[in-house]
Structure formats: C-alpha cells, structure tokens
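Enquirer: I'd like to ask you about the structure that follows.
The values are calculated or read from the model by the stated rules, or taken from the named source; none is laboratory data. Because the structure is a prediction, the values reported are computed rather than measured. We place every Cβ from the backbone using ideal geometry, glycine too, and count neighbours over all the protein chains shown.
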Amino acid sequence: MSYARTARRRLSRPLLHGAGAATAVAGLLLVAACAPGGAASSTPETQAVSTTIPTDKKITLTLATSENAGLTKGLIAAFEKAHPNITITMKYTGYDDYNKALGLSLASDSSPDIALLNMVGTTVKNKLLLNLDPYAKAYGWNTIYPSSQLSQWQVGTDGTSLGTGHLWAAPAGFSMVGVFYNKELAAKLGITSPPATLAEFQADLDKAEAAGKTGLQLANLDGHSAFVVQSIAQSVDGAANVQKWFEGRSGSTFDTPGNLQGAQSLLKWAKAGEIPKSANGTDLAGAVAAFAKGDGLFLVDGNWDAATIDKALPGKVGFFAYPKASSDGKYAAVGGSIAYGISARSKNANAAAAFLDFWHSKQAAQVQLDHYFMPADSSSSATSDSKSVLGDMSTAWAQVNKDNGLVGFYANATSSMNDTLTSSSQSLIAGKITAQQFVDAVQQDWSKAHAK
C-alpha cells in the first residue's frame, strides 16, 4: 500500500477504539492484539543508556513496519552507510495485519528491536515498549524537536493520558496540511503572491468566484473539510489552545471563536459557490484529481498528495502554510509523524536509539524530503527539484516549527470524532444546520468521550 493511500485512509477514519480521558492522538491506536497480562516472562537485562555505539563488533537490529513507501528503507540505507557495523533487517507487514499482531510480536521472544507505532495505547500499559525519556535526555531531543512534535508521542503509563508522561516513540518523518495553489490560475486572476492572512485568503477566493472559477477545491465525502475548520481555528485561537482540546485536557471546549469562524467560512463558501457543489460527494482522491486537472485555485491537503500533484502540474503548483489570522500572528498546521518505538525486549537498545536519533540528521532530512515527508530537521539544507512543490513545503514546515504550531488531526480526537465531523460538516455545507450547531455537535462528541 502506498503512503498516499495509507495517509488518506488514516485521516478519513477514527484511529482509536474505546473512550476515556484523552484517548486519542494522530497515529495513536489501541493495540488490537496484546500479550495477556503484559510482557512475556523473560526480559533482557536493563542496559545502561549510552550514545556511544561500539564500532568493533557487528550489530544486527530488526525493524517491524507497515510503511512501504520507501522512507524507512531509505533511512535504513543512510544509517547503515554511516554505521557500517550495524545491519537493520526490515520486516514489512500490511497495515491492518500489522496493527493486529503488533502486541503479540513485541511480547514474543522474537520481538523486533524497533517497531512502527501506528499504535501506542496498550503497548504502554502492558510494558511492551521502552521508555525513551533517558535517550531523549542523552541525545537532547527535547531541545532539538519543538514540543508539539514530541507531545503526540508522550503517553502516561495508563496508556490514555496524552501530551504528558513519558516519551514512547521518536518521529521518522512528518505530515503537514497546508494549501496547494495553482500558480497559472493565480496569475490569471491577478494574484501575485500567496495570501498571508485569512482576510487575503478570502479576497483571493472572491476573485476566483467573480471569474467563474472554483476558489477552493474541497473533499468532504469522508469529512476532510475538517482540515479547513481546524486550520482556521489554529490561526485564530492559537495552536496551543487547540492542542489542549485535542489532547482532552479538562476544561477545554470546541466552542471557540476560531472553530466558529471555521464553520462559518465553510457555510459562507458553500452559499457563495466558492467550493464545488459536489464537495459532500467527493473523496480526497477525487478532489486531488480535480485540482490536478486545473479545477481550483486552492486545495487544503497534506504532503502525501504532493507527488501526485507535482506529476500532474510540474512547476505550476505552489504551497504555503495556512494563512495567519493577522500579519503579526503565528503559523500553525495540522499534522503528525510516522514514528518508531523500541521494544522493551531489545538487547541492542542503544544501537536502536542511535537509529532513532539519526532521523533528525541532515542525511536523513534529504531522504525524508525525497519521499515527500517533512524532515525532522526543519532547518536542513535538503534540496529538491526546482520544479517541485517541495521547496515551498519546506519553507512552510520551517515556519510552523519556528512557531511550535503542529497539532494532531481533529478526526482523531475521539473514537467517534471522524464520523461526527463528517456528518455534521456535510449538514453544514448543505445548509441544514448552522455553524453554531456544527460546533455544538463536535463538542458533544468530545464531552461524551471525556466524561469522568
């Protein structure tokens, strides 16, 4: 399965099963199959944490993953080149089967050293993963990564409290939602630069509508208009406030000026014809295909579709971080990471941690960018084809990281949130409910999931 297909699949359905206080985060699932009663009976002796890896002996690590787009293979190859005495054997399993078997795999005597964590939940509660706090301290990850990037993988020992507690995974590459724009259409409309504020974004949509063009290509069959609502909310309310709601912090609410403005914008655009009339019946792949054919000035989407868009419109597409509420505001983005943890049963935890640390290196940044992932090192000098949209994406990624503005996907805030967002946003766009009713429906879902 390609990364693009996997990403669309992840973002269009809930990623968690079961409710409870703060039980959701982008990419964090409860493990479907885990060892009864916790980890297996025999556990290797605890190793002293060290960032020095011996070079005088051969070390073999095993890595389990469901990622098959080439990123992990590329990172392994680059790491092995830098550490010729270390061999990493990658074991790929399809997404669904991988998730079902991960718990048993980590608890077995043949546990992989490193494992992709589409899931965390019960792997933490059953003590199947290594607490990475000591390595984060030894390598300085807390100063290297913006806190918003690591918080998505911080989970309490209860397996449900998010954004707090210990670190259980490290990011190998990031996804980010922003705005693709058709440069040729923009030029025809007299738009000389991407909009920097929400007001300028609206002005550009109005220019497109006046010219009989689609202002914003939109997919909402699976609720992807949530990308737009969340982007506006983060610009207006600030990423930190949105993050608190996303993590399920007590006292948080969806009824904020930003979320209301996001819902009002969707309703306004639908009435004005600035989004396609078919939006509620179009999935993300369909919206991408339409945009790639030149239908739409803007498309709010993530880096996973950049390769498809680049191929269809080489040199004709740009990308920018979603506009700020005002010129003196901060940048924010919806996104998350593909991340790996270390098995509690690994006999080579130090070498495994060295591989995780390698991911923010400049060598790794080039590999990540080449596979259309945002690099862990946002200041990297990694380069891309001058006709590629990746240059713009790298600029936007650096802006978001500078303002510590990455927040997980709304769709993953509760086990039922994706369904709630889909049905409510479809009713909103169809004019069947008001913006306030949309906001109330989302908050009702959240409150039910986080009821004490």
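Conditions tested, residue by residue: (1) farther than 26 Å from Ala441 by Cβ; (2) of a type in the set (Gly, Ala, Ser); (3) touching a residue at least 60 places away in the same chain (Cβ under 8 Å).
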| position | (1), (2), (3) |
| --- | --- |
| Ser388 | yes, yes, yes |
| Met393 | yes, no, yes |
| Ala398 | yes, yes, no |
| Tyr410 | no, no, yes |
| Ser415 | no, yes, yes |
| Asp419 | no, no, yes |
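Enquirer: Can you tell me which residues in the stretch 324-338 are touching a helix residue (DSSP H, G or I) at 6+ places or on another chain (Cβ under 6 Å) and more than 10 Å from Gly178 (Cβ to Cβ)?
Expert: Passing the criteria: Lys324, Ala325, Ala332.
Enquirer: Something else now. Those residues that are in contact with a Pro (Cβ under 8 Å, 6 or more places away or on another chain) and buried (at least 21 other Cβ atoms within 10 Å of the Cβ), I need them from the stretch 333-359; list them, please.
Expert: Passing the criteria: Ser337, Ile338, Ala339, Ser343, Arg345, Ser346, Trp359.
Enquirer: May I ask you to list pairs of residues, at least six apart or on different chains, whose Cβ atoms are under 8 Å apart, with the first in the stretch 236-257 being touching a residue at least 12 places away in the same chain (Cβ under 8 Å) and the second being in a loop (DSSP other than H, G, I, E, B) and among the acidic types (Asp, Glu)?
Expert: Ala239/Asp403
Enquirer: Give the residue, chosen from Gly212, Gly258, Gly273, Gly286, that is over 30 Å from Pro146 (Cα atoms) and in contact with an Asp or Glu (Cβ under 9 Å, 6 or more places away or on another chain).
Expert: Only one candidate qualifies: Gly273.
Enquirer: Moving on to the next point. Are there any helices (runs of 4 or more DSSP H) wholly within the stretch 109-223 with 1 or more residues that are in contact with a strand residue (DSSP E or B) (Cβ under 7 Å, 6 or more places away or on another chain) and outside the structural domain of Pro375 (by TED's automatic domain parsing), and if so which?
Expert: Per the criteria, 183-188, 198-210.
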